[in-house]
1. Do you know which of the residues in segment 163-181 that are touching a strand residue (DSSP E or B) at 6+ places or on another chain (Cβ under 9 Å) and not hydrophobic (A, V, I, L, M, F, W, C) is surrounded by the fewest Cβ atoms within 10 Å (Cβ to Cβ)?
2. Yes or no: Ala146 more than 14 Å from the chain's Cα centre (by Cα), more than 29 Å from Gly19 (Cβ to Cβ) and assigned to a helix (DSSP H, G or I)?
3. Search segment 94-105 for residues that are over 19 Å from Ile53 (Cβ atoms) and pair each with any residue that is of a type in the set (Gly, Ala, Ser) and surrounded by 17 or more Cβ atoms within 10 Å (Cβ to Cβ) when their beta-carbon atoms are under 8 Å apart and the residues are at least 6 apart or on different chains.
4. Looking at Val31, is it closer than 23 Å to Ser169 by Cα, surrounded by fewer than 19 Cβ atoms within 10 Å (Cβ to Cβ), within 17 Å of the chain's Cα centre (by Cα) and at pLDDT 95 or above?
5. Within segment 41-57, how many residues are of a type in the set (A, V, I, L, M, F, W, C) and either in contact with a helix residue (DSSP H, G or I) (Cβ under 8 Å, 6 or more places away or on another chain) or part of a strand (DSSP E or B) (or both)?
6. Quickly run through segment 125-143 and pick out the residues that are surrounded by 14 or more Cβ atoms within 10 Å (Cβ to Cβ) and either at pLDDT below 95 or among the aliphatic types (A, V, I, L, M) (or both).
7. Any idea which of Asp36, Asp81, Asp20 is free of Cβ contacts under 8 Å to residues at least 60 places away in the same chain and either more than 11 Å from Thr171 (Cα to Cα) or among the charged types (D, E, K, R) (or both)?
8. Among the numbered criteria (1) part of a strand (DSSP E or B); (2) surrounded by fewer than 17 Cβ atoms within 10 Å (Cβ to Cβ); (3) modelled with pLDDT of 95 or more, which one does Glu152 miss?
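The values are calculated or read from the model by the stated rules, or taken from the named source; none is laboratory data. Only a predicted model underlies this, so the values are computations on that prediction, with no experimental measurement involved. Note that we place each Cβ from the backbone using ideal geometry, even for glycine, and neighbour counts take in every protein chain shown.
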Amino acid sequence: MMLKRSEGQEPHVEGPTPGDGALGVFFPKEVSLSIDKWRRAYLRQHGEISPHITVAYPPFVRVKEWPSVRPAIVERLGRFDPFEVTLRNLGAFAGPPHVLWLKPEDSGQLSSIHTALAKRWANYVPAGRFDFVPHVTVGFFDTQEALSKAREAILAEIVPLCFRVDELSYTVRGDDGVWCIYEQLVLGSSSANALHR
């Protein structure tokens, strides 16, 4: 189903700059490899960031502000238990550009986390023009016909991709335009339990 602009759309980021942050879910290696096969074919920017589900869009908390905000965000995320995600269905946002994406089945946990962050930090997770729609971007397309062709190709070979989410990753955009994981924030732990990379 193609979502109309009033129902949802890939959030438009006006030129993220080095030092901008974002919060998202990254996947086990085997899941990422499956998705990257399609992203290499349909997403020109696939090398800028690994497959992921964005929970808080850039600029979110810029890296220079992160140390002061981090403890409260870690505490808030610690209130959410780990959860399971399955990727097996495709969705689309109306363009241009048209966006093809994988739809996470997660019992609403991703939206709950996004809502909790937006309620507590409206300045870092501001309300957008469109509702938050958890998704994994697969590709951008100039025409509906090109998107439909890609959808058919992916549906012909997709198998359910299942994984457990027990952490969210704070990512930072580097000077080279590549997004890197700066810190992993553990779910289900109110203590400041995080792993640096």
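1. Restricting attention to segment 163-181, the residues satisfying the condition of being touching a strand residue (DSSP E or B) at 6+ places or on another chain (Cβ under 9 Å) are 163-174, 179-181.
From what is left, the residues that are not hydrophobic (A, V, I, L, M, F, W, C) are 164, 166-167, 169-171, 173-174.
Details: Arg164: 10, Asp166: 13, Glu167: 19, Ser169: 22, Tyr170: 24, Thr171: 26, Arg173: 22, Gly174: 13.
Looking at residues that are touching a strand residue (DSSP E or B) at 6+ places or on another chain (Cβ under 9 Å) and not hydrophobic (A, V, I, L, M, F, W, C), I get Arg164.
2. Numbers: more than 14 Å from the chain's Cα centre (by Cα): yes; more than 29 Å from Gly19 (Cβ to Cβ): yes; assigned to a helix (DSSP H, G or I): yes.
Answer is yes for this residue.
3. Correct list of pairs: His98/Ala92.
4. yes
5. Total meeting the criteria: 4.
6. If we filter segment 125-143 for residues that are surrounded by 14 or more Cβ atoms within 10 Å (Cβ to Cβ), which is where we start, we get 125, 130, 132-141.
Scanning segment 125-143 gives Val125, Phe130, Phe132, Val133, Val136, Val138.
7. On the way: Asp81 fails: free of Cβ contacts under 8 Å to residues at least 60 places away in the same chain; Asp20 fails: free of Cβ contacts under 8 Å to residues at least 60 places away in the same chain.
Checking each option against the conditions leaves just Asp36.
8. Only one criterion is unmet by Glu152, namely (1).
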